[in-house]
Amino acid sequence: MVELSERIKRLLPDAVLSAGSSLGQQYVVVRREAVVEAMRKLRDDETMLFNFMMDLTAVDYLGKRAHDARYEIVYHLYSLKHHHRIRVKVSVGADDPSLDSIVPVWKGADWFEREAWDLYGITFKGHPNLKRILLYEEFVGHPLRKDYPIKKRQPLIGPEN
Amino acid sequence: MGNVIMADLARIPELLPSIIEMVAKVVFIFTMNMGVFAPLLGWVERKQSALMQDRIGANRADILGITAFGLLHTLTDAIKLLTKEDFIPRGADKPLHYLAPFIAVVPALIAFAVIPFGGQYVLWGHKTNLVIADLDVGILFVFAVASISTYGSVIAGWASNNNWSLLGGIRVGAQMLSYEVAMGLTLVGVFMVYGSLRMTDIGVAQENFFHWGIFLQPLGFILFITCALAENKRTPFDIPEAEAELVAGYFTEYSGLKFAMFWMAEFLEMVTISGVLVALFFGGWQIPFVTHEGLVKFFGFLGSNFAQVAVMVVHVTVFWVKVLGWIFLLMLIRWTLPRFRYDQVMELGWKIILPLALVNIFITGAVMLMVM
Amino acid sequence: MSEYQMDLHTEPMILNMGPSHPATHGTVRFLLKLDGEKILNCDTEIGYLHRAFEKHCEAGTWTQVFPYTDRLNYNSAVQNNVAYALAVEKLLGVEEKIPARATYIRTIVCELARMADHFTNLGAATLELGALTAFLYFVEARELTWDLLESIYGARLTSNYVRVGGLSSDLPEGFAEHVRKVFIKNREFWREFDKLLTKNRIFLDRMRDVGGISQEDAIAWGFTGPCLRSVGVEFDVRKTDPYLIYDQLDFDVPVGTTGDNFDKYLVRMEEIDQSMKIVEQCLGKLPKGPININDAAVRNPSKADVKTNIQSMIHHFKNTIEGINVPAGEIYVPTEGSNGEMGFYLVSVGGGKPWKCRVRPPCFAITQAMGDIVKGAFIADIIPTFDMINLIGGECDR
């Protein structure tokens, strides 16, 4: 039996940069430009049928990885039919932390992408309503970035009275 | 002019017994309602719900360690409500905001005027009728007055300049309108059976246990109690003030004594409704299988005047016990059921109760024709 | 459209529901656009309870994360402890070495917490529908369940019970007997509640055909847990990706059909019953033995050991000051929280502190569908729908 990540690599030879498993969990690394296409294929292909977008988050590898691969967007997908899970990872650089939104593929990605924007400042191109979700509009900066100054003061907001 | 007044004054000694009687009755009802029911029902409600829910209920307020079963909470409530800030929101219509609670509470008080809380007694040659105003339109007066109190709620909703209040006010208007129509029709059967609108007549007619309204008008009774619950605006019909949806509905923006007035109006309405229920369907002041004459004879050893007094006391007690029983039942319903949705209340009123009330009138008429 | 309607100038009313509103519990805001009582549009805004969970986690050691996880879904706090511990243990590669007794006890507390969560949720839903008595019946059942949990870890709400590699304490004396007594009462409350509501016409009218969603939509939005099962999708992490000892237990996963609020209610009611069965099974099979892993680098040695043995003392010192040394790697561990799939995604770059500690909050995904579900319904429908979604501010906003 060929491992799931290998099968995905064969299915999407152009999109998948590398595949493998860590601690028994399968993952693939996908090229940033091909993410929407790859996701759609993963959702619709008969052998994959990943119908759940379980989780979407970002990781900041400041100081651990190269400048042009500072952020990693991590998707966790699950297939109800085949009962398998896959972790899809996409690297984006520090200068232009952006990639395409997968809301057209799973509408449930909406708030997850907003959260990643809110806390990490990752821009999801084509997102219908990319604004802060957990923090307030006037908040300055993206707090989960490793270089966010923890002791920084935020501007006061609220009605003046 | 002066002569007329003099003539009237001259009649005072002659009218004195009637005046005394009238004042006594008004004072009695007013004390019962404002002095006993309005404050105490809050306590009853707390304790009763606590009983249902396996709790202890109000028991903290004390004077020198005496808690008196939580009765002192009534006092603390009163103090709290009297001393709270009377808040009027910005942009509210001030005069109307002031007026609304009065419109709500006054009709609730005066509606009781036509409900007989005892029969007719001859005391020392003076005929006493235990009802404040023995109107020949009786129950219609209750409806008329009750619909005035609706204005209180609607105006409160409008005057508060708050969207939640407004929604609550609209809901009150729609609900009261629908259920007043239905409520009036549910009682038509009662009037047909007893042949009178006068509530004392209906009370006298129920001296025979099997002539109680609940036996003659079972469907009418069920429909009426449903409508009455809706008129009272308590769960399951509390959509105008549904606290989970509309915060507090039409009295969201009320505080202190004005809030207390809405609160009181609700309790007084409950007393009035129970009074009407007892007077129309549960034999009023009558005791099952005991006639007025029989009771007078039983107390005959006291002498004719005091026998009448004794009978009067018994009857009045019976009436209030019945009313209390009904209040208890209404509270039981309030603490058991979830609330309806706005459209479901409307549907129940117009599509189920109204047609059933009409059917009830028809059946009553048909049966009466056959029996006669 | 008749003429007078066309001439009438009307505009929709904008109503701001929450965060300070009895039904939204201070944690969410609905911006409603209303036509009379009908909802034209509903914008959901969350974030009022954001407490920088992840940032806090990154600042402390691996063990110091536990108290923060308590405050995610605070209705079933200990489930978060367990889920996090499982993830860290997997990252350490010691999950095989956890003593069986610890695993059993973890299952027991997870299921007790699930019961408490469902009791609270269903009770609160009826409260907001106006049936206060039914609410108090379930609150009492929850209190009794919390008594059980309190007897284990000394706290009612925030557990902080589980540790990496074991537990902070064993079950108390006579726990099985206590459980038996409480379950008799809980079942009684369950029956009373069922009798009061399940066939109550008003309750049915309020719950049925309200808040329904199609299977495709539910999956696309990322529904999990009771909300997903109520639409008829049989997905329960306890069955599909068994963790702890769920694969050795006999329990059913209830599913609904239409996904309306009444189905969600029924699914949760049944899950309470199943959880009680699971706890009873676990107690029946509960093995004896240690509750902590025998590896001083993961789980602190006992206090007696620390005070007599220099090796143990060094471990205790290093574990406390530096944190457990977790090798570099990343892991996603899904568990079945009371609300749905609760997954911990942990990233370690080596060392005593988490590089990233992400939790996948189930109600976060479900709440985003709120606007879609209530569109076209009445204001009053928001109440049962929102209650059955069971948004927990602590979990959703982190």
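The values are calculated or read from the model by the stated rules, or taken from the named source; none is laboratory data. Keep in mind that this is a model prediction, so the values were computed, not measured. All Cβ positions, glycine included, derive from the backbone under ideal geometry; neighbour counts span all protein chains shown. Note: accessible area is taken over every heavy atom of the protein model, side chains too, but ligands, DNA and RNA are not part of it. Shrake-Rupley method; radii C 1.70, N 1.55, O 1.52, S 1.80 Å.
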> Which whole DSSP H helices in chain A pass both tests: a Cα extent of 24 Å or more along the axis and a mean Kyte-Doolittle value no lower than 1.6?
Replying inline: none
>> Based on alpha-carbon atoms only, what is the radius of gyration of the stretch B:86-371 relative to the globular estimate 2.2 N^0.38 Å?
In response: 1.09
> Mind listing the phi-derived Karplus ³J(HN,Hα) values for the stretch B:283-296, rounded to whole Hz, using 6.51, -1.76 and 1.60 with θ = phi - 60°, and x for any glycine or proline?
Replying inline: x, x, 8, 6, 9, x, 6, 10, 8, 4, 4, x, 5, 4
> Simple spin-label model, 7 Å along Cα-to-Cβ: C:Ile314 to B:Leu96 in nm?
Replying inline: 8.3 nm
> How far is helix B:304-336 tilted off the main Cα axis of chain B, in degrees rounded to 10, range 0 to 90?
Replying inline: 30 degrees
>> Over 10 Å intervals from 0, what percent of Cα-Cα pairs in the stretch B:124-229 sits in each interval?
In response: 13, 34, 28, 16, 7, 1, 0
>> How large is log10 of I(q)/I(0) for chain C at q = 0.10 Å⁻¹ when the intensity is taken from the Debye formula with one equal scatterer per alpha-carbon?
In response: -0.68
>> Net charge within 12 Å of B:Val204 by Cβ-Cβ distance, Lys/Arg positive one each and Asp/Glu negative one each, not counting B:Val204 itself?
In response: -2
>> For a 24 Å ceiling on Cα separation, which of these pairs sit above it: B:Lys47/B:Lys80; A:Lys131/C:Lys33; C:Lys90/C:Lys303; B:Lys351/C:Lys38?
In response: C:Lys90/C:Lys303
>> Distances longer than 18 Å among the Cα atoms of the stretch C:89-243: what percent of all pairs is that?
In response: 68 percent
>> Given Cβ point charges of +1 (Lys, Arg) and -1 (Asp, Glu) and nothing else, what value in debye, to the nearest 20, does the dipole of the protein assembly as shown about its Cα centre take?
In response: 1960 debye
> Principal axis lengths of chain A from Cα atoms, whole Å, largest first?
Replying inline: 67, 32, 26
> What angle, in degrees between 0 and 90 and rounded to the nearest 10, separates the Cα long axis of helix C:175-197 from the longest principal axis of the Cα atoms of chain C?
Replying inline: 10 degrees
> Residue by residue, what Karplus-based ³J(HN,Hα) values in Hz, rounded to whole numbers, does the stretch B:354-364 have, using 6.51, -1.76 and 1.60 with θ = phi - 60° and x for Gly and Pro?
Replying inline: 4, x, 5, 5, 5, 4, 4, 4, 4, 4, 4
> For chain C, what's the relative contact order in percent, using C-alpha pairs closer than 8 Å and at least 6 residues apart?
Replying inline: 25 percent
> Roughly speaking, what is the centre-to-centre gap between the stretch C:228-252 and the stretch A:98-161 when only Cα atoms are used, to the nearest Å?
Replying inline: 34 Å
>> Can you list, by residue number, the Cys in the protein assembly as shown that have no neighbouring cysteine C-beta under 4.7 Å?
In response: B:Cys227, C:Cys42, C:Cys110, C:Cys227, C:Cys282, C:Cys363, C:Cys396
> Counting alpha carbon pairs within less than 8 Å and at least 6 residues apart, what relative contact order, in whole percent, applies to chain B?
Replying inline: 21 percent
> Classify the stretch A:100-161: rounded, prolate or oblate, from the alpha-carbon gyration tensor (a ≥ b ≥ c, eigenvalue square roots; a/c under 1.5 rounded; otherwise prolate if a/b is larger than b/c)?
Replying inline: oblate
>> Report the B-C buried area as the accessible area lost on both sides summed, probe 1.4 Å, in Å² to the nearest 100.
In response: 2600 Å²
> Can you tell me the Rg and the Dmax, both Å, for the Cα atoms in the stretch B:58-136?
Replying inline: 21.0, 61
>> At a cut-off of 20 Å², which residues of the stretch B:294-335 become less accessible once all protein chains are present than in their chain alone, using a 1.4 Å probe?
In response: B:Trp335
>> Let me understand the protein assembly as shown better: what is its radius of gyration from the alpha carbons, and its Dmax, in angstrom?
In response: 34.4, 120
> Quick one: in the stretch C:68-163, what % of C-alpha pairs are over 19 Å apart?
Replying inline: 45 percent
> So what's the angle, to the nearest 10 degrees on a 0 to 90 scale, between helix C:132-153 and the longest Cα principal axis of chain C?
Replying inline: 10 degrees
> Given the stretch B:23-83, what whole percent of its Cα pairs are spread farther than 14 Å?
Replying inline: 63 percent
>> Can you compute the modelled spin-label distance between B:Glu347 and A:Arg31, with each label point 7 Å from Cα toward Cβ, in nm?
In response: 5.7 nm
> Taking a 23 Å limit on the Cα-Cα distance, which of the listed pairs A:Lys125/A:Lys152; A:Lys81/C:Lys277; C:Lys318/C:Lys356 fall beyond it?
Replying inline: A:Lys125/A:Lys152; A:Lys81/C:Lys277
>> Explain nothing, just the number: dipole magnitude of chain B about its Cα centre with +1 on each Lys and Arg Cβ and -1 on each Asp and Glu Cβ, in debye rounded to the nearest 20.
In response: 400 debye
>> Just to verify a number: FRET efficiency for B:Ile222 and C:Asp35, C-beta to C-beta distance, R0 = 45 Å, to 0.05?
In response: 0.80
> Is any residue of the stretch B:20-57 close enough, with backbone N under 16 Å, to a label point placed 7 angstrom from the Cα of B:Ile63 along the Cα-Cβ axis, and if so, which?
Replying inline: B:40
>> Only four residue types carry charge here, +1 at the Cβ of Lys and Arg and -1 at the Cβ of Asp and Glu. Report the dipole size of the stretch B:23-83 about the Cα centre in Debye, rounded to the nearest 20.
In response: 60 debye
> What would the Debye formula give as log10 I(q)/I(0) at q = 0.09, 0.10, 0.16 Å⁻¹ for the alpha-carbon point model of the stretch C:228-333, no solvent?
Replying inline: -0.47, -0.55, -0.86
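Just need the relative contact order of the stretch B:260-372 here, percent rounded to a whole number, with Cα pairs under 8 Å and 6+ apart.
Averaging sequence separation for qualifying contacts and normalising by length gives 27 percent for the stretch B:260-372.
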> Picking from B:Ala230, B:Ser274, B:Thr74, whose Cα lies most toward the positive end of the charge dipole for chain B (charges on Cβ: Lys, Arg +1; Asp, Glu -1)?
Replying inline: B:Thr74
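Once you have the alpha carbon radius of gyration of the stretch B:199-308, what is it after dividing by 2.2 N^0.38 Å, with N set to its residue count?
Ratio of Rg to 2.2 N^0.38 Å for the stretch B:199-308: 1.51.
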> Can you list the aspartates and glutamates whose alpha carbon is less than 13 Å from that of A:Lys41, not counting same-chain residues fewer than 8 positions off?
Replying inline: A:Asp14
